[in-house]
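J.: One structure is given below, represented as structure tokens, and several questions about it will come after.
The values are calculated or read from the model by the stated rules, or taken from the named source; none is laboratory data. Only a predicted model underlies this, so the values are computations on that prediction, with no experimental measurement involved. No Cβ is skipped: glycine too gets one built from the backbone with ideal geometry, and neighbour counts run over all protein chains shown. Note: accessible area is taken over every heavy atom of the protein model, side chains too, but ligands, DNA and RNA are not part of it. Shrake-Rupley method; radii C 1.70, N 1.55, O 1.52, S 1.80 Å.
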Amino acid sequence: PIVAACPCGQVTFTSNEQPVIQFICHCKDCRAATGAPWTGTAIFNVKGSERLGEVTRHQFTVSSGAQTYRDACNTCGTVVFDISEQYPDLIGVLCNCIAAPFVFQPTHHIWLESSVLEAWPDDGLKQRKRGVLEA
């Protein structure tokens, strides 16, 4: 199984499946939630996964008008989950919370139109101005 947890261990996630997709997000909402210039996220099916622990939910409205949420541990404040009402069967887990032997292998950089980086990395990953499904 793939296991994730916040640093204090009060919020946990377990999945018996591999992620559906992994990406590096440069959006302003991820930056606001994590304080980092980009966020590595692995997206899992909700079915086949389990999350435990008390979280504080931070709500954001994306350009489509849909609501997204970043769930942070009530104890240590670490953002662990990224959830979108557009994709109710999926849950994003921030990669810095996922334990070894998991290896983060992103396929895309997304929301580059919002990036604070002066130059985007030339790492061979697909690059999208907006979401994974948008050019």
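J.: Please give, to one decimal in nm, the separation of the simple spin-label points placed at residue 103 and residue 62, each 7 Å out from Cα toward the Cβ.
T.: My value for the distance between the label points is 2.9 nm.
J.: Another one. Using only the heavy atoms of the protein chains and a 1.4 Å probe, how would 132, 80 rank by accessible area, largest first?
T.: Putting 132, 80 in descending order of accessible area: 132, 80.
J.: Further question on the same structure: What FRET efficiency comes out for the pair residue 113/residue 3, r = Cβ-Cβ distance, R0 = 30 Å, nearest 0.05?
T.: For residue 113 and residue 3, the calculated efficiency is 0.35.
J.: If contacts are Cα pairs under 8 angstrom and at least 6 residues apart, what is the relative contact order of the chain in percent? Walk me through the intermediate numbers first.
T.: Numbers: 300 pairs, mean separation 36.2, N = 135.
So the answer I get is 27 percent.
J.: Follow-up question, since we're still on this one. Tell me, how many Å apart are the Cα centres for region 26-46 and for region 65-121?
T.: If we compute the Cα centre of each part, the gap is 3 Å.
J.: Rolling a 1.4 Å sphere over the protein heavy atoms, what is the accessible area per residue of the chain, to the nearest Å²?
T.: Result: 55 Å² of accessible area for each residue.
J.: Reachable aspartates and glutamates from residue 126, Cα under 13 Å, same-chain residues fewer than 8 places away excluded?
T.: 134
J.: Tell me which residues come under 5 Å, amide H to amide H, from residue 80 once H is placed; ignore anything under 5 positions away on its chain.
T.: 71, 72, 73
J.: Taking amide hydrogens as modeled 1.01 Å from N in the peptide plane, which residues meet the under 5 Å criterion relative to residue 127, leaving out close sequence neighbours?
T.: For residue 127, the qualifying residues are 109.
J.: Residue 49's amide H: which non-local residues (gap 5+, or another chain) put their own amide H closer than 5 Å, with H modeled 1.01 Å from N in plane and none for Pro or chain starts?
T.: Amide H neighbours of residue 49: none.
J.: Right, something else. If you work out Rg and Dmax of the Cα atoms in Å from the coordinates, which of (i) 17.7, 57; (ii) 14.1, 39; (iii) 14.9, 51 do you get?
T.: Given (i) 17.7, 57; (ii) 14.1, 39; (iii) 14.9, 51, the structure-derived one carries the label (ii).
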